[in-house]
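Novice: One structure follows; several queries about it will come next.
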């Protein structure tokens, strides 16, 4: 079974408030970086869930985003994205992403007439461009200091 992205919609105000309260309670537990045992009661029936430390931290981050009214996407590292999903993640247009693929700046595979990009490759590309952007901004800041531009 192929790994796919799971996208949660924008939370309602009620869900955002529940996430805010739950997130506050989970914050201390998530900071301990240890597994967590949850006791869940539904329809009068108790269930015990064991969560690994990484899942506790992820759940806390999801609750923070929901409390802030943000939509949340969960993408497995090995997931393959469509060109539109990859463009959305990089915050670029789909035509711009297609150009990156054609210029071999981002690896992909063809599935029939469709292109699929590994999420890990999209993340690596984003890291590369973010680092280049940071270096450029640092160089501009150094230049403005050198020229005493008051920044």
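The values are calculated or read from the model by the stated rules, or taken from the named source; none is laboratory data. Since this is a predicted model, take the numbers as computed values, not measurements. With ideal geometry, Cβ positions are generated from the backbone for all residues, glycine too; neighbour counts draw on all protein chains shown.
Novice: Counting only residues that are exposed (fewer than 14 other Cβ atoms within 10 Å of the Cβ), under 21 Å from residue 10 (Cβ atoms) and touching a residue at least 24 places away in the same chain (Cβ under 8 Å), how many does the stretch 74-93 have?
Specialist: So the count comes out to 1.
Novice: Within the stretch 110-122, how many residues turn out to be without any contact (Cβ under 8 Å) to a residue 24 or more places away in the chain and assigned to a helix (DSSP H, G or I)?
Specialist: Residues that pass the stated criteria total 1.
Novice: Only residues in the stretch 44-68 that are closer than 18 Å to residue 9 by Cβ count as the first member; pair them with residues that are modelled with pLDDT under 90 and not in a helix (DSSP H, G or I), Cβ under 6 angstrom, at least 6 apart or cross-chain, and list the lot.
Specialist: Close Cβ pairs satisfying both conditions: 62/72; 65/72; 66/11.
Novice: Okay, moving on. Test of understanding: among 46, 65, which residue is touching a strand residue (DSSP E or B) at 6+ places or on another chain (Cβ under 7 Å), closer than 30 Å to residue 19 by Cα and surrounded by fewer than 10 Cβ atoms within 10 Å (Cβ to Cβ)?
Specialist: Result: 46 is the single residue among 46, 65 that is touching a strand residue (DSSP E or B) at 6+ places or on another chain (Cβ under 7 Å), closer than 30 Å to residue 19 by Cα and surrounded by fewer than 10 Cβ atoms within 10 Å (Cβ to Cβ).
Novice: Out of curiosity, is residue 96 at negative phi, surrounded by 10 or more Cβ atoms within 10 Å (Cβ to Cβ) and in contact with a helix residue (DSSP H, G or I) (Cβ under 6 Å, 6 or more places away or on another chain)?
Specialist: Here the answer is no, as residue 96 does not meet what is asked.
Novice: Also, quick follow-up: Looking at (1) touching a helix residue (DSSP H, G or I) at 6+ places or on another chain (Cβ under 7 Å); (2) assigned by TED's automatic domain parsing to the domain that holds residue 14, find the lone condition where residue 50 falls short.
Specialist: (1)
Novice: Still on this structure, I have one more. Taking residue 38, is it surrounded by 11 or more Cβ atoms within 10 Å (Cβ to Cβ), modelled with pLDDT under 95, outside the structural domain of residue 122 (by TED's automatic domain parsing) and over 28 Å from residue 120 (Cβ atoms)?
Specialist: Criteria met by residue 38.
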